[in-house]
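Down below is the structure, laid out as C-alpha cells.
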Amino acid sequence: MSTHPVPPSTVRRVVELATRAPSVHNTQPWRWRATDRSLEVHADWSRQLHASDPTGRNLLISCGAALHHAQVAAEALGWSTEVRRAPEADGSDLLARLVLFPAPQSPNAKAKAKAKGVLESIESRRTDRRRFTSWPVPAERLHNLASSAADQGATALPLTDVTHRFRTERLVDHATELMRTTRSLVQEQEEWLDRSSVDGVPSAMAPELPGHALTPASRFAPTELDDLGDRDLEGTDGLIALVDTQDAPSAWLTAGEGLSALWLRATLGGLSVVPLSQVVEVDETRDAFTLDVLGGRTRPLLLLRIGWQSMGRGGLPRTPRRPVDDVLTWL
C-alpha cells in the first residue's frame, strides 16, 4: 500500500479529536509526534498519578483510548490506518505509530452517515456520573458493547450473574471507602481539581457531596462527582469488566482501545458509561475481584457502569483540553 502526504490540517484535526478521549483525572497523559504520513502516540509520564496509579495502568489505558480515537477519527476523515505497536522492551515512551493512507472516496450514503456518526460521538462523549434512570440495560446491549471492545483485541465481560453482581457491588463499596480515608489519594485528587484552564477537573463539575469528602469513586475522566449518596452502583446499572490474562502495559493499551470503541458505540446508542477504577486500584479488592468474580482465570483492568440518563436532563459541558500545539510536535 503506497503512502501519500497527509495535509497538516488533517493531522491537527485528528489529534484534536484524539485528545477528546477520556483520561484519568483529565490528566491527558499523552504526547503526539507527527510526520507527513504518520502519527506517534507517546506516554507522558510527567502526568502520572503516583498515589492512585503507581503502575501506570490507568495512564496507558488513557493513551489506548486516545489511540483508538485517533484511528477512527482519521478513518472518518477519509484515511485508512494501520497501527504499529512499539515493543515493550525498547525502554522508550513510544506506544504506537498510526500510519495513514488515502482511502478511496465512497459515494455510499451509509458510509458517509457512519463517518458523521463517529465524529459526532467523539464530540458528544462525556463521563456523566449523574444518577441513571431505573430502566435496566438489556443483557443483549451489554454483549453488543462488549463485542465492540473485542473488535480491538480487548476482552470485555458483561457481569449479568446475580452473585457476581452482588460481590462486585460490595467490593466497589469497600474500595471506595478505603480510598476516601487514604490521605495521599484525597490529596492527589485535590491537586487535579481546578488545576488549570486546560486540564484537570473544574470544581463546578465536581460538587462536594454534603457530609462527604470528594469521592475518588471514578479515576477515569471524571467530569463531575455523582449524586449517588453512599452507593456507586444500583441494581439496574449494567456492568462490564475489561479484563486480560496479563496485567501488563500491552494489555493496558489494548484495554484502552477497547474502552474507546465500547464508549463511542454506547454514546451512539444513547447510553452513558462511567468507569469505576477504584476496585482495580486497591490491591485488596483487585485480588478479591480476580478470585471471587473472575474465578482466577483473568485479571481485572477496569470496571464500567452502564446506564440510561433521564431524557429531560441537560447535557454536561466539556472538560477542558490542552491546545493541540501543547501536545503535538512535528518530526
Restricting the stretch 89-123 to residues that are surrounded by fewer than 13 Cβ atoms within 10 Å (Cβ to Cβ) and at pLDDT 85 or above, the one nearest to L253 (Cα to Cα) turns out to be E123
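Any residue at all in the stretch 128-137 that's touching a residue at least 24 places away in the same chain (Cβ under 8 Å) and out of contact with any Ser or Thr (no Cβ under 9 Å at 6 or more places or on another chain)?
The initial filter retains those residues of the stretch 128-137 that are touching a residue at least 24 places away in the same chain (Cβ under 8 Å), namely 128-137.
With the extra rule that they be out of contact with any Ser or Thr (no Cβ under 9 Å at 6 or more places or on another chain), the set shrinks to none.
Checking the stretch 128-137: not a single residue is touching a residue at least 24 places away in the same chain (Cβ under 8 Å) and out of contact with any Ser or Thr (no Cβ under 9 Å at 6 or more places or on another chain).
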Taking the conditions exactly as written (assigned to a helix (DSSP H, G or I) and under 23 Å from E281 (Cβ atoms)), does I122 satisfy them or not? no
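Given the condition touching a Pro at 6+ places or on another chain (Cβ under 7 Å) and either surrounded by fewer than 18 Cβ atoms within 10 Å (Cβ to Cβ) or under 18 Å from T133 (Cβ atoms) (or both), answer yes or no: does some residue in the stretch 286-293 qualify?
No.
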The correct count of residues that are hydrophobic (A, V, I, L, M, F, W, C) and crowded, with 24+ Cβ neighbours inside 10 Å in the stretch 33-58 is 2
Note to self: Going by what's in this entry, would G78 be described as at positive phi and in contact (Cβ under 8 Å) with a residue 12 or more places away in the chain?
What the structure shows: yes
Of (1) at pLDDT below 95; (2) closer than 20 Å to L142 by Cα, Q278 fails just (2)
Test: residue in the stretch 141-164 that is free of Cβ contacts under 8 Å to residues at least 60 places away in the same chain and basic (K, R): no
Residue set T290, T245, T285; condition touching a His at 6+ places or on another chain (Cβ under 7 Å) and modelled with pLDDT of 90 or more; output residue T285
Counting only residues in the stretch 175-203 that are in a helix (DSSP H, G or I) and free of Cβ contacts under 8 Å to residues at least 60 places away in the same chain, the one farthest from T127 (Cα to Cα) is identified as R183
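Condition first: part of a loop (DSSP other than H, G, I, E, B) and surrounded by 13 or more Cβ atoms within 10 Å (Cβ to Cβ). Now tell me which residues in the stretch 134-146 satisfy that.
Once the filter is applied, which keeps residues that are part of a loop (DSSP other than H, G, I, E, B) and surrounded by 13 or more Cβ atoms within 10 Å (Cβ to Cβ), the stretch 134-146 yields P136, V137.
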Within the stretch 36-53, the residues that are assigned to a loop (DSSP other than H, G, I, E, B) and touching a helix residue (DSSP H, G or I) at 6+ places or on another chain (Cβ under 9 Å) are D36, D44, Q48, L49, H50, A51, S52, D53
The residue from A248, A255 that alone is under 15 Å from the mean Cα position of the chain (by Cα), in the same structural domain as R180 (by TED's automatic domain parsing) and aliphatic (A, V, I, L, M) is A255
Review point. In this structure, does T254 turn out to be in a loop (DSSP other than H, G, I, E, B), in contact (Cβ under 8 Å) with a residue 12 or more places away in the chain and among the β-branched types (V, I, T)?
Key: no
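The values are calculated or read from the model by the stated rules, or taken from the named source; none is laboratory data. Here the structure is a predicted model, which means the values were calculated and not measured. Note that we place each Cβ from the backbone using ideal geometry, even for glycine, and neighbour counts take in every protein chain shown.
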